[in-house]
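Enquirer: Here it is, the structure in full.
FYI, it's all coordinate maths here, none of it is from the lab. No experiment lies behind these values; they were computed from the predicted model shown. Here the Cβ positions follow ideal geometry from the backbone for every residue, glycine too, while neighbour counts run over all protein chains shown.
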Amino acid sequence: MNVLNVAKLSKAFGGVQAVCDVSFSLASGELLALIGPNGAGKTTCFNLLNGQIAADSGSAEFEGRSLIGLKPRQIWRLGVGRTFQITATFSSMSVRENVQTALLNFHGRLNSLVSLAARQYLDEAMELLARVGIAEQAGRPCAVLAYGDLKRVELAIALANRPRLLLMDEPTAGMAPPERVALMQLTAELARASGIAVLFTEHDMDVVFAHADRILVLNRGRLIAEGKPAEVRANREVQEVYLGSGSLFGAAHA
């Protein structure tokens, strides 16, 4: 069953067509990678789906409900989670408190934060931290964590609103190669076990081809290829697009 259906989504900034007539669908439990060289329109596409910028035209429906015109918080409330290139955690708070804060928000209890955060949703927070493999660091402040562990905390925070769709913008940015593989393997396992649809952008082609079920390729705002990893790897136009910025088969490129 398709969780997300996007049709002819477009956005221009002045004379620059950042996203042009982009259409695709995403099924429950599927990992869909969105790749392309710098300036291809990947982040703009994400921001359109997340409500951070308004589309000029086209449609985006999540479980049959239009996302167009909704604010990011409204989209989050529907069950769309997001992680960012740069981790967004409260560095002075503990790992557990960061997740508890997200849970308080999800349950509409954020006004209880100051007095009750230490006691609210403790078991649920620990369960989420266990799912992402970081429960043993629950009491540590985020400020002292390694970057790879911060990415796991961010994933736990994203899972706090029980998303059916997860948007991950450069999830492995800044991580060492072994950490990249581990995080995406964890994401794939969680997505398939819980039926979460995942749309992610990624610069590491090894990560993309190892973990994506399907791949979308953008170039200058337009979708130029879509298919399974082997199909996209063999696509002549995709190969030509990547010749100027690095090998499609390499570990990383712009």
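Enquirer: Provide the FRET efficiency to the nearest 0.05 for the Ala176-Ala135 pair, computing r from the beta carbons and using R0 = 30 Å.
Expert: Approximately 0.85, to the nearest 0.05.
Enquirer: Follow-up question, since we're still on this one. With the contact rule set at Cα under 8 Å and sequence spacing of 6 or more, what percent relative contact order holds for the chain?
Expert: Answer for the chain is 26 percent.
Enquirer: Please report, for the Cα atoms of region 2-243, the Rg to one decimal and the Dmax as a whole number; what are they, in angstrom?
Expert: My reading of the Cα-based Rg and Dmax gives 18.1, 59 Å.
Enquirer: Cross-link partners among lysines for Lys71, C-alpha distance below 27 Å, same-chain residues fewer than 8 apart left out?
Expert: Output for Lys71: Lys8, Lys11, Lys42, Lys151.
Enquirer: Go through Pro37, Asn50, Leu167 and say which Cα lies farthest out towards the positive end of the charge dipole of the chain; charges sit on Cβ, +1 for Lys and Arg, -1 for Asp and Glu.
Expert: My answer, from the dipole projection, is Asn50.
Enquirer: Can you pull the one-decimal nm distance between simple spin-label points at Glu61 and Gln239, each 7 Å off the Cα toward Cβ?
Expert: 3.8 nm
Enquirer: If each residue of separation counts as 0.36 nm, what is the full-extension length gain between Phe13 and Ala88 once their alpha-carbon separation is subtracted?
Expert: 24.3 nm
Enquirer: A further question on this structure: Restricting to Cα pairs below 8 Å that are 6+ residues apart, what does the relative contact order work out to for region 41-104? Please round to a whole percent.
Expert: 22 percent
Enquirer: Right, something else. State the Cα centre-to-centre distance between region 165-195 and region 42-77 in whole Å.
Expert: Between the Cα centre of region 165-195 and that of region 42-77, the gap is 22 Å.
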